[in-house]
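Single-structure report; data block below.
The values are calculated or read from the model by the stated rules, or taken from the named source; none is laboratory data. Just so it is clear, the structure is predicted and the values come from calculations on it, not from any experiment. Note: ideal-geometry Cβ built from the backbone for every residue, glycine included; neighbour counts use all protein chains shown. Note: accessible area is taken over every heavy atom of the protein model, side chains too, but ligands, DNA and RNA are not part of it. Shrake-Rupley method; radii C 1.70, N 1.55, O 1.52, S 1.80 Å.
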Amino acid sequence: MRRTLLALTAALIFLVQASTRAEDLAYTRFGDFLEALRIQAGIPGMVASVVGRNGVQWERVFGDADVEKNIDTRIDTPFHLDGITEMLTASLVMRCVEEGKIALTDRLGRWAPDSVDAGLTVHQVLTHTSGPAEALVYQYRPDRFEALTVAVAQCTGAPFRTTLTKFFETSGMFDSIAGADIVTTMLPFTDTVGIAQAKRYTSILERLAVPYNVDLQARKIAVGQYTAPTLTAISGAISTVQDLEKFDLSLKSGVLLLPETVALMQAAPFGPTGLKLPHGIGWFAQNYLGESIYWQFGVSDTGGSGLIIVWPTRSLTFIALANSNGLVKPYNLEKGDVRTTPFAKLFLSLFIR
(Lines give C-alpha, C1' and ligand atoms only; values in the text may rest on other atoms or scores of the structure.)
Protein backbone atom coordinates (compact mmCIF):
# COMPACT_ATOMS: atom_id res chain seq x y z
CA MET A 1 0.00 0.00 0.00
CA ARG A 2 2.79 2.37 0.96
CA ARG A 3 4.71 1.61 -2.25
CA THR A 4 1.59 2.28 -4.29
CA LEU A 5 1.08 5.62 -2.53
CA LEU A 6 4.71 6.60 -3.11
CA ALA A 7 4.45 5.63 -6.76
CA LEU A 8 1.27 7.69 -7.20
CA THR A 9 2.89 10.64 -5.45
CA ALA A 10 5.97 10.41 -7.65
CA ALA A 11 3.81 10.19 -10.76
CA LEU A 12 1.82 13.25 -9.67
CA ILE A 13 4.99 15.25 -9.03
CA PHE A 14 6.32 14.24 -12.45
CA LEU A 15 3.08 15.36 -14.14
CA VAL A 16 3.08 18.70 -12.32
CA GLN A 17 6.72 19.30 -13.22
CA ALA A 18 6.09 18.32 -16.84
CA SER A 19 3.09 20.63 -16.98
CA THR A 20 5.11 23.49 -15.48
CA ARG A 21 7.92 22.96 -17.99
CA ALA A 22 5.43 22.92 -20.86
CA GLU A 23 3.86 26.16 -19.61
CA ASP A 24 7.27 27.79 -19.21
CA LEU A 25 8.16 26.75 -22.75
CA ALA A 26 4.87 28.18 -24.06
CA TYR A 27 5.56 31.54 -22.42
CA THR A 28 9.16 31.55 -23.65
CA ARG A 29 7.92 30.97 -27.20
CA PHE A 30 5.26 33.63 -26.72
CA GLY A 31 7.85 36.18 -25.59
CA ASP A 32 10.19 35.34 -28.46
CA PHE A 33 7.38 35.69 -31.02
CA LEU A 34 6.33 39.00 -29.45
CA GLU A 35 9.89 40.25 -29.77
CA ALA A 36 9.94 39.32 -33.45
CA LEU A 37 6.62 41.14 -34.00
CA ARG A 38 7.89 44.18 -32.08
CA ILE A 39 10.95 44.46 -34.29
CA GLN A 40 8.87 43.95 -37.41
CA ALA A 41 6.47 46.71 -36.32
CA GLY A 42 9.36 49.03 -35.47
CA ILE A 43 8.22 49.49 -31.86
CA PRO A 44 11.11 50.95 -29.82
CA GLY A 45 9.90 49.76 -26.42
CA MET A 46 7.15 47.48 -25.12
CA VAL A 47 6.08 45.76 -21.92
CA ALA A 48 3.76 42.74 -21.86
CA SER A 49 2.27 40.35 -19.32
CA VAL A 50 -0.23 37.53 -18.91
CA VAL A 51 -2.40 37.53 -15.79
CA GLY A 52 -4.27 34.51 -14.45
CA ARG A 53 -7.13 34.24 -11.97
CA ASN A 54 -5.00 34.77 -8.86
CA GLY A 55 -1.83 36.43 -10.04
CA VAL A 56 0.67 37.29 -12.77
CA GLN A 57 1.79 34.27 -14.78
CA TRP A 58 4.32 35.91 -17.09
CA GLU A 59 5.96 39.29 -17.70
CA ARG A 60 8.57 40.53 -20.13
CA VAL A 61 10.08 43.86 -21.17
CA PHE A 62 11.30 44.68 -24.67
CA GLY A 63 13.51 47.39 -26.14
CA ASP A 64 13.95 50.98 -24.99
CA ALA A 65 11.75 53.41 -23.12
CA ASP A 66 14.12 56.12 -24.33
CA VAL A 67 16.16 55.32 -27.43
CA GLU A 68 18.37 58.44 -27.32
CA LYS A 69 19.40 57.89 -23.70
CA ASN A 70 19.52 54.10 -24.09
CA ILE A 71 17.10 53.59 -21.19
CA ASP A 72 15.57 50.12 -21.16
CA THR A 73 11.87 49.59 -20.60
CA ARG A 74 10.98 48.17 -17.19
CA ILE A 75 7.92 46.43 -15.86
CA ASP A 76 7.05 49.70 -14.07
CA THR A 77 7.66 51.99 -17.06
CA PRO A 78 4.63 54.32 -17.38
CA PHE A 79 2.82 54.75 -20.70
CA HIS A 80 -0.11 56.84 -21.87
CA LEU A 81 -3.19 54.59 -21.99
CA ASP A 82 -5.09 56.66 -24.57
CA GLY A 83 -8.33 54.75 -25.37
CA ILE A 84 -7.84 52.25 -22.55
CA THR A 85 -8.88 55.17 -20.32
CA GLU A 86 -12.40 54.47 -21.60
CA MET A 87 -12.34 51.16 -19.75
CA LEU A 88 -11.50 52.94 -16.49
CA THR A 89 -14.30 55.46 -17.04
CA ALA A 90 -16.79 52.66 -17.66
CA SER A 91 -15.72 50.98 -14.42
CA LEU A 92 -16.30 54.19 -12.44
CA VAL A 93 -19.73 54.60 -14.04
CA MET A 94 -20.65 51.03 -13.19
CA ARG A 95 -19.68 51.56 -9.54
CA CYS A 96 -22.20 54.40 -9.52
CA VAL A 97 -24.76 52.07 -11.13
CA GLU A 98 -24.17 49.55 -8.34
CA GLU A 99 -24.79 52.32 -5.81
CA GLY A 100 -28.05 53.28 -7.52
CA LYS A 101 -26.85 56.79 -8.35
CA ILE A 102 -26.77 56.25 -12.11
CA ALA A 103 -29.05 54.05 -14.20
CA LEU A 104 -28.02 52.62 -17.55
CA THR A 105 -31.38 53.84 -18.87
CA ASP A 106 -30.66 57.46 -17.86
CA ARG A 107 -30.48 59.84 -20.80
CA LEU A 108 -27.27 61.71 -21.50
CA GLY A 109 -29.31 64.91 -21.33
CA ARG A 110 -29.39 64.54 -17.54
CA TRP A 111 -25.79 65.83 -17.54
CA ALA A 112 -25.51 67.40 -21.02
CA PRO A 113 -28.93 68.88 -21.86
CA ASP A 114 -27.60 70.86 -24.82
CA SER A 115 -25.82 67.91 -26.43
CA VAL A 116 -27.01 66.65 -29.81
CA ASP A 117 -26.77 63.19 -28.18
CA ALA A 118 -28.90 64.14 -25.16
CA GLY A 119 -31.48 61.48 -26.03
CA LEU A 120 -29.01 58.60 -25.86
CA THR A 121 -28.94 56.37 -22.79
CA VAL A 122 -25.87 55.77 -20.65
CA HIS A 123 -25.90 52.19 -21.91
CA GLN A 124 -25.84 53.35 -25.53
CA VAL A 125 -22.92 55.69 -24.87
CA LEU A 126 -20.93 52.98 -23.09
CA THR A 127 -21.60 50.41 -25.83
CA HIS A 128 -21.15 52.81 -28.76
CA THR A 129 -24.67 52.22 -30.03
CA SER A 130 -27.53 54.42 -31.13
CA GLY A 131 -31.08 54.06 -32.41
CA PRO A 132 -34.20 52.53 -30.83
CA ALA A 133 -33.76 49.60 -28.44
CA GLU A 134 -35.20 47.15 -30.96
CA ALA A 135 -32.88 48.32 -33.73
CA LEU A 136 -29.57 49.32 -32.18
CA VAL A 137 -26.69 50.06 -34.50
CA TYR A 138 -23.00 50.16 -33.66
CA GLN A 139 -21.25 53.50 -34.13
CA TYR A 140 -17.82 53.99 -32.60
CA ARG A 141 -18.09 57.44 -31.03
CA PRO A 142 -15.80 57.80 -27.99
CA ASP A 143 -16.39 61.58 -27.97
CA ARG A 144 -19.84 60.96 -26.48
CA PHE A 145 -18.19 59.74 -23.27
CA GLU A 146 -17.35 63.26 -22.08
CA ALA A 147 -20.72 63.83 -20.40
CA LEU A 148 -20.01 60.76 -18.27
CA THR A 149 -17.28 62.67 -16.43
CA VAL A 150 -20.03 64.98 -15.18
CA ALA A 151 -22.14 61.95 -14.25
CA VAL A 152 -19.29 60.43 -12.23
CA ALA A 153 -18.58 63.77 -10.56
CA GLN A 154 -22.20 64.13 -9.46
CA CYS A 155 -22.25 60.54 -8.26
CA THR A 156 -19.08 60.80 -6.17
CA GLY A 157 -19.30 64.44 -5.15
CA ALA A 158 -15.79 65.07 -6.48
CA PRO A 159 -14.26 66.05 -9.86
CA PHE A 160 -13.68 63.18 -12.28
CA ARG A 161 -9.89 63.54 -11.97
CA THR A 162 -10.11 63.35 -8.16
CA THR A 163 -12.32 60.25 -8.35
CA LEU A 164 -9.94 58.45 -10.73
CA THR A 165 -6.96 59.44 -8.57
CA LYS A 166 -8.66 58.01 -5.48
CA PHE A 167 -9.47 54.86 -7.45
CA PHE A 168 -5.80 54.44 -8.40
CA GLU A 169 -4.67 54.88 -4.81
CA THR A 170 -7.24 52.52 -3.24
CA SER A 171 -6.37 49.91 -5.89
CA GLY A 172 -2.66 50.11 -5.11
CA MET A 173 -1.97 51.52 -8.59
CA PHE A 174 0.72 53.87 -7.33
CA ASP A 175 2.46 54.31 -10.69
CA SER A 176 -0.74 55.58 -12.33
CA ILE A 177 -1.82 59.21 -12.63
CA ALA A 178 -4.93 60.96 -13.88
CA GLY A 179 -3.46 63.09 -16.65
CA ALA A 180 -0.04 64.42 -17.62
CA ASP A 181 -0.97 67.88 -16.31
CA ILE A 182 -1.97 66.68 -12.84
CA VAL A 183 0.98 68.35 -11.10
CA THR A 184 0.22 71.80 -12.53
CA THR A 185 -3.48 71.43 -11.73
CA MET A 186 -2.60 70.71 -8.09
CA LEU A 187 -0.81 74.04 -7.59
CA PRO A 188 -0.35 75.58 -5.10
CA PHE A 189 0.81 72.86 -2.71
CA THR A 190 -0.25 73.86 0.76
CA ASP A 191 0.26 70.76 2.87
CA THR A 192 2.62 67.85 3.40
CA VAL A 193 0.30 65.37 1.67
CA GLY A 194 0.01 67.55 -1.43
CA ILE A 195 3.76 68.04 -1.66
CA ALA A 196 4.38 64.28 -1.34
CA GLN A 197 1.79 63.56 -4.04
CA ALA A 198 3.35 66.10 -6.37
CA LYS A 199 6.78 64.51 -5.93
CA ARG A 200 5.38 61.04 -6.69
CA TYR A 201 3.53 62.29 -9.77
CA THR A 202 6.64 64.11 -10.99
CA SER A 203 8.68 60.94 -10.56
CA ILE A 204 6.17 58.98 -12.66
CA LEU A 205 6.23 61.58 -15.42
CA GLU A 206 10.03 61.56 -15.44
CA ARG A 207 9.96 57.78 -16.06
CA LEU A 208 7.31 58.05 -18.78
CA ALA A 209 8.24 56.15 -21.94
CA VAL A 210 9.32 58.54 -24.69
CA PRO A 211 6.80 58.49 -27.58
CA TYR A 212 8.04 57.75 -31.09
CA ASN A 213 6.92 58.14 -34.67
CA VAL A 214 8.12 55.23 -36.76
CA ASP A 215 8.27 55.26 -40.55
CA LEU A 216 8.77 51.63 -41.52
CA GLN A 217 9.12 52.30 -45.24
CA ALA A 218 11.80 54.93 -44.77
CA ARG A 219 13.24 53.05 -41.79
CA LYS A 220 13.20 56.22 -39.74
CA ILE A 221 12.34 56.84 -36.11
CA ALA A 222 11.71 60.23 -34.54
CA VAL A 223 10.55 61.45 -31.16
CA GLY A 224 6.79 61.89 -31.29
CA GLN A 225 4.28 63.59 -29.04
CA TYR A 226 1.52 62.34 -26.79
CA THR A 227 -1.79 63.75 -27.96
CA ALA A 228 -3.59 63.76 -24.60
CA PRO A 229 -2.36 66.81 -22.63
CA THR A 230 -5.02 66.34 -19.95
CA LEU A 231 -7.44 63.75 -18.61
CA THR A 232 -10.74 63.12 -20.38
CA ALA A 233 -13.22 60.27 -20.23
CA ILE A 234 -11.48 58.55 -23.14
CA SER A 235 -7.80 59.45 -22.86
CA GLY A 236 -5.09 60.99 -20.72
CA ALA A 237 -4.66 58.37 -17.99
CA ILE A 238 -1.08 57.19 -17.49
CA SER A 239 -0.25 53.76 -16.07
CA THR A 240 2.06 50.76 -16.18
CA VAL A 241 1.55 47.13 -17.11
CA GLN A 242 2.17 46.30 -13.46
CA ASP A 243 -0.67 48.58 -12.33
CA LEU A 244 -3.02 47.28 -15.03
CA GLU A 245 -2.33 43.79 -13.68
CA LYS A 246 -3.71 45.01 -10.33
CA PHE A 247 -6.76 46.45 -12.09
CA ASP A 248 -7.37 43.15 -13.85
CA LEU A 249 -7.04 41.12 -10.65
CA SER A 250 -9.40 43.47 -8.80
CA LEU A 251 -12.03 42.86 -11.49
CA LYS A 252 -11.55 39.08 -11.35
CA SER A 253 -11.73 38.96 -7.55
CA GLY A 254 -14.88 41.02 -7.24
CA VAL A 255 -13.09 43.75 -5.27
CA LEU A 256 -13.66 46.51 -7.83
CA LEU A 257 -17.10 45.51 -9.10
CA LEU A 258 -19.59 42.76 -8.30
CA PRO A 259 -19.24 39.67 -10.53
CA GLU A 260 -22.73 40.27 -11.93
CA THR A 261 -21.71 43.81 -12.87
CA VAL A 262 -18.63 42.54 -14.72
CA ALA A 263 -20.84 40.01 -16.53
CA LEU A 264 -23.20 42.85 -17.50
CA MET A 265 -20.28 44.85 -18.87
CA GLN A 266 -19.23 41.90 -21.02
CA ALA A 267 -22.73 41.41 -22.46
CA ALA A 268 -22.81 43.05 -25.88
CA PRO A 269 -26.21 44.31 -27.11
CA PHE A 270 -27.95 42.80 -30.12
CA GLY A 271 -28.48 44.52 -33.46
CA PRO A 272 -31.68 44.50 -35.55
CA THR A 273 -30.69 41.24 -37.26
CA GLY A 274 -30.34 39.42 -33.94
CA LEU A 275 -26.55 39.29 -34.07
CA LYS A 276 -24.41 40.65 -31.25
CA LEU A 277 -22.85 44.04 -31.81
CA PRO A 278 -19.08 44.35 -31.25
CA HIS A 279 -18.97 46.40 -28.04
CA GLY A 280 -20.06 45.78 -24.47
CA ILE A 281 -19.79 48.28 -21.60
CA GLY A 282 -16.23 49.56 -21.70
CA TRP A 283 -15.04 46.49 -23.61
CA PHE A 284 -15.20 45.15 -27.12
CA ALA A 285 -16.85 41.72 -27.14
CA GLN A 286 -15.96 39.07 -29.71
CA ASN A 287 -16.20 35.36 -30.41
CA TYR A 288 -13.03 33.44 -31.20
CA LEU A 289 -13.20 29.70 -31.97
CA GLY A 290 -16.40 29.46 -29.95
CA GLU A 291 -14.91 31.32 -26.99
CA SER A 292 -15.97 34.76 -25.76
CA ILE A 293 -13.14 37.27 -25.49
CA TYR A 294 -13.19 40.88 -24.32
CA TRP A 295 -10.68 43.53 -25.21
CA GLN A 296 -9.83 47.20 -25.39
CA PHE A 297 -7.17 49.25 -27.14
CA GLY A 298 -5.52 52.64 -26.98
CA VAL A 299 -3.54 54.45 -29.65
CA SER A 300 -1.96 57.83 -30.30
CA ASP A 301 -1.08 58.83 -33.84
CA THR A 302 2.24 60.26 -32.70
CA GLY A 303 2.99 58.42 -29.49
CA GLY A 304 1.98 55.06 -28.09
CA SER A 305 -0.45 52.17 -28.12
CA GLY A 306 -1.87 49.56 -25.80
CA LEU A 307 -3.90 46.37 -25.91
CA ILE A 308 -5.75 44.32 -23.29
CA ILE A 309 -7.45 40.99 -24.06
CA VAL A 310 -9.43 38.93 -21.54
CA TRP A 311 -10.34 35.26 -22.00
CA PRO A 312 -12.85 34.59 -19.19
CA THR A 313 -13.00 30.80 -19.63
CA ARG A 314 -9.49 30.49 -18.19
CA SER A 315 -9.41 33.90 -16.49
CA LEU A 316 -6.43 34.76 -18.69
CA THR A 317 -5.56 38.35 -19.57
CA PHE A 318 -2.95 39.66 -22.01
CA ILE A 319 -1.68 43.22 -21.44
CA ALA A 320 0.74 45.11 -23.70
CA LEU A 321 1.83 48.76 -23.76
CA ALA A 322 4.20 50.32 -26.31
CA ASN A 323 5.80 53.69 -27.02
CA SER A 324 4.80 53.86 -30.68
CA ASN A 325 1.48 53.20 -32.37
CA GLY A 326 2.65 49.87 -33.84
CA LEU A 327 0.51 47.65 -31.59
CA VAL A 328 -2.72 49.10 -32.94
CA LYS A 329 -2.57 51.87 -35.54
CA PRO A 330 -2.51 49.91 -38.83
CA TYR A 331 -5.34 47.55 -37.90
CA ASN A 332 -8.62 49.56 -37.56
CA LEU A 333 -9.58 47.93 -34.27
CA GLU A 334 -12.51 50.30 -33.86
CA LYS A 335 -14.33 48.04 -36.34
CA GLY A 336 -14.44 45.36 -33.66
CA ASP A 337 -12.08 42.59 -34.79
CA VAL A 338 -8.98 42.25 -32.63
CA ARG A 339 -7.65 39.44 -34.82
CA THR A 340 -6.45 42.01 -37.34
CA THR A 341 -3.46 42.87 -35.14
CA PRO A 342 -0.76 40.18 -35.16
CA PHE A 343 -0.05 40.78 -31.47
CA ALA A 344 -3.57 39.72 -30.52
CA LYS A 345 -3.57 36.92 -33.08
CA LEU A 346 -0.40 35.51 -31.53
CA PHE A 347 -1.90 35.44 -28.04
CA LEU A 348 -5.15 33.90 -29.25
CA SER A 349 -3.49 31.26 -31.42
CA LEU A 350 -1.10 30.14 -28.70
CA PHE A 351 -3.50 30.08 -25.76
CA ILE A 352 -6.95 29.49 -27.31
CA ARG A 353 -6.86 26.48 -29.62
Exercise. Would you please list the contacts, defined by Cβ atoms under 9 Å and residues six or more apart or on different chains, that run from a residue in the stretch 232-258 that is farther than 11 Å from S171 by Cβ to a residue that is among the aromatic types (F, W, Y) and assigned to a helix (DSSP H, G or I)?
Key: T232/F145; T232/F160; A233/F145; A233/F160; I234/F145; A237/F168
Quiz item: L346 versus (1) of a type in the set (A, V, I, L, M, F, W, C); (2) in a helix (DSSP H, G or I); (3) under 17 Å from the mean Cα position of the chain (by Cα): which is the lone unmet condition?
Solution: (3)
Quiz item: When G100 is evaluated against the numbered criteria (1) modelled with pLDDT of 95 or more; (2) not in a loop (DSSP other than H, G, I, E, B), which criterion, by number, is the only one it fails?
Solution: (2)
Exercise. For the stretch 111-123, state whether one or more residues are touching a residue at least 40 places away in the same chain (Cβ under 8 Å), in contact with a Pro (Cβ under 7 Å, 6 or more places away or on another chain) and not aromatic (F, W, Y).
Key: no
Quiz item: Restricted to the stretch 207-218, and to residues that are in a loop (DSSP other than H, G, I, E, B) and hydrophobic (A, V, I, L, M, F, W, C), which residue is surrounded by the fewest Cβ atoms within 10 Å (Cβ to Cβ)?
Solution: A218
Quiz item: Among the candidates I204, I195, which residue alone is surrounded by 16 or more Cβ atoms within 10 Å (Cβ to Cβ), of a type in the set (A, V, I, L, M) and either part of a helix (DSSP H, G or I) or in contact with a helix residue (DSSP H, G or I) (Cβ under 6 Å, 6 or more places away or on another chain) (or both)?
Solution: I204
Exercise. Scan the stretch 223-238 residue by residue and report those that are touching a Phe, Trp or Tyr at 6+ places or on another chain (Cβ under 7 Å) and among the small types (G, A, S).
Key: G224, A233
Quiz item: Which numbered condition trips up A118, out of (1) under 24 Å from Y201 (Cα atoms); (2) among the aliphatic types (A, V, I, L, M); (3) out of contact with any Asp or Glu (no Cβ under 9 Å at 6 or more places or on another chain)?
Solution: (1)
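Please report, ordered by residue number, the strands (runs of 3 or more DSSP E) entirely within the stretch 219-334 with at least 3 residues that are over 18 Å from H128 (Cβ atoms) and open to solvent by less than 60 Å² (accessible area, probe 1.4 Å).
Correct list: 237-239, 305-311, 316-322.
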Quiz item: Just one of the numbered conditions (1) surrounded by fewer than 16 Cβ atoms within 10 Å (Cβ to Cβ); (2) touching a residue at least 12 places away in the same chain (Cβ under 8 Å) is not true of L164; which one?
Solution: (1)
Quiz item: Any chance the stretch 64-84 includes a residue that's at pLDDT below 95, part of a loop (DSSP other than H, G, I, E, B), in contact with a Ser or Thr (Cβ under 6 Å, 6 or more places away or on another chain) and on the phi < 0 side of the Ramachandran plot?
Solution: no
Exercise. Of the numbered conditions (1) open to solvent by 30 Å² or more (accessible area, probe 1.4 Å); (2) in contact with a helix residue (DSSP H, G or I) (Cβ under 7 Å, 6 or more places away or on another chain); (3) not in a loop (DSSP other than H, G, I, E, B), A180 fails exactly one; give the number of that condition.
Key: (3)
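Filter the stretch 335-351 down to the residues that are touching a helix residue (DSSP H, G or I) at 6+ places or on another chain (Cβ under 8 Å) and open to solvent by less than 50 Å² (accessible area, probe 1.4 Å) and list them by number. Step through it out loud before you land on a result.
In the first step, residues of the stretch 335-351 are kept if they are touching a helix residue (DSSP H, G or I) at 6+ places or on another chain (Cβ under 8 Å); the result is 338-348, 350-351.
Result: V338, T341, P342, F343, A344, L346, F347, L348, L350, F351.
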Quiz item: Could you list, in sequence order, the residues of the stretch 37-69 that are β-branched (V, I, T), in contact with a helix residue (DSSP H, G or I) (Cβ under 7 Å, 6 or more places away or on another chain) and surrounded by fewer than 19 Cβ atoms within 10 Å (Cβ to Cβ)?
Solution: V56
Quiz prompt | Residue among E134, E169 that is at pLDDT below 95, under 18 Å from the mean Cα position of the chain (by Cα), part of a helix (DSSP H, G or I) and surrounded by fewer than 16 Cβ atoms within 10 Å (Cβ to Cβ) | solution = E169
Quiz item: Taking the stretch 178-218 as the region of interest, how many residues are within 30 Å of I39 (Cβ to Cβ) and in contact with a Phe, Trp or Tyr (Cβ under 6 Å, 6 or more places away or on another chain)?
Solution: 2
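Collect the residues in the stretch 149-165 that are within 19 Å of the chain's Cα centre (by Cα) and of a type outside the set (S, T, Y), keeping them in residue-number order.
Within the stretch 149-165, F160, R161, L164 meet the criteria.
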